[in-house]
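Enquirer: Questions regarding the structure given below will be posed in turn.
The values are calculated or read from the model by the stated rules, or taken from the named source; none is laboratory data. Given the structure is predicted, the values throughout are model-derived calculations rather than measurements. No Cβ is skipped: glycine too gets one built from the backbone with ideal geometry, and neighbour counts run over all protein chains shown.
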Amino acid sequence: MSWHCELCDRVCSYNGHKKSPRTSRTLVNLKTKIMKQVLFFAIAITIASSGCSQTTNQKETKHVGGNCEGCEAINEGSVPFEKLTNAATLPDYSETGPKLEISGIVYHRDGKTPAKDVVLYVYHTDQTGHYTPAPDAKGWGKRHGRIRGWMKTDKNGFYHFYTLKPAAYPGTNIPAHIHITLKEPDKNEYYIDEYLFEGDPFLTTTERNRQEKRGGSGIISLEQRNGMLHGKRDIVLGLNIPGYDVP
């Protein structure tokens, strides 16, 4: 790269003055100094621009899952992600109603490798079929209600939570369900199919066919053991999730 020092040329030709040997040496030194400074700043700017570009690219995260109203509620838990365990007991568990435990393993997209440190956020209606908020509810807690829970898979991909089996919305034919949102360590939060229950009178063929099977089927069978209902659902990250890289 060649640099032209316009300032130096202008000094040398100012008023057509003839340059003495001393003046020439001085101007040559001045020109050299200025050119070095210009070159230094040009290199510095180039390096800085490159660094900024790298930093920006490193922070970019590919968005997966499409639109998801309320998925950001996963960030409203009182316990930081890094301190979550693989178990959660929702606020209604000590109340009157059919006690329920749901457990499972979260797998990577290959459906075989357990995925650790995946945060799960679940919420559902109370025994009246409403999302009743807590008296001091804030944020999405005003819409999702007080029955919410957060957990994080362990090294084996395992998770489980305790709650009461939710009631269906009153006056509708919508099956009882539990909402779930996931947050992987390197991706944005996204929703997967709700937990639905075999034997629900509203779980018709039409309703089954409406399911997207995001993360796999959310329809689970319940088994009564020791005075409690137990259900199992394994989850495959990225399965039927828009924008997710397929291995």
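Enquirer: When you go through Asp186, Asp234 one by one, which is the residue that is more than 21 Å from Gly129 (Cα to Cα), at pLDDT below 95 and of a type in the set (D, E, K, R)?
Expert: Sole residue among the options that is more than 21 Å from Gly129 (Cα to Cα), at pLDDT below 95 and of a type in the set (D, E, K, R): Asp186.
Enquirer: Residues to consider are Tyr93, Tyr121; find the one that is crowded, with 18+ Cβ neighbours inside 10 Å, among the aromatic types (Phe, Trp, Tyr) and touching a residue at least 40 places away in the same chain (Cβ under 8 Å).
Expert: Step by step, each of Tyr93, Tyr121 is checked, and only Tyr121 is crowded, with 18+ Cβ neighbours inside 10 Å, among the aromatic types (Phe, Trp, Tyr) and touching a residue at least 40 places away in the same chain (Cβ under 8 Å).
Enquirer: Further question: Tell me which residues, restricted to region 196-245, are in the same structural domain as Asn173 (by TED's automatic domain parsing), surrounded by fewer than 13 Cβ atoms within 10 Å (Cβ to Cβ) and touching a Gly at 6+ places or on another chain (Cβ under 8 Å).
Expert: Selection gives Ser221, Glu223.
Enquirer: Name the single residue, out of those in region 132-148 being touching a residue at least 24 places away in the same chain (Cβ under 8 Å) and in contact with a Pro (Cβ under 7 Å, 6 or more places away or on another chain), that is nearest to Tyr93 (Cα to Cα).
Expert: So the residue we want is Ile147.
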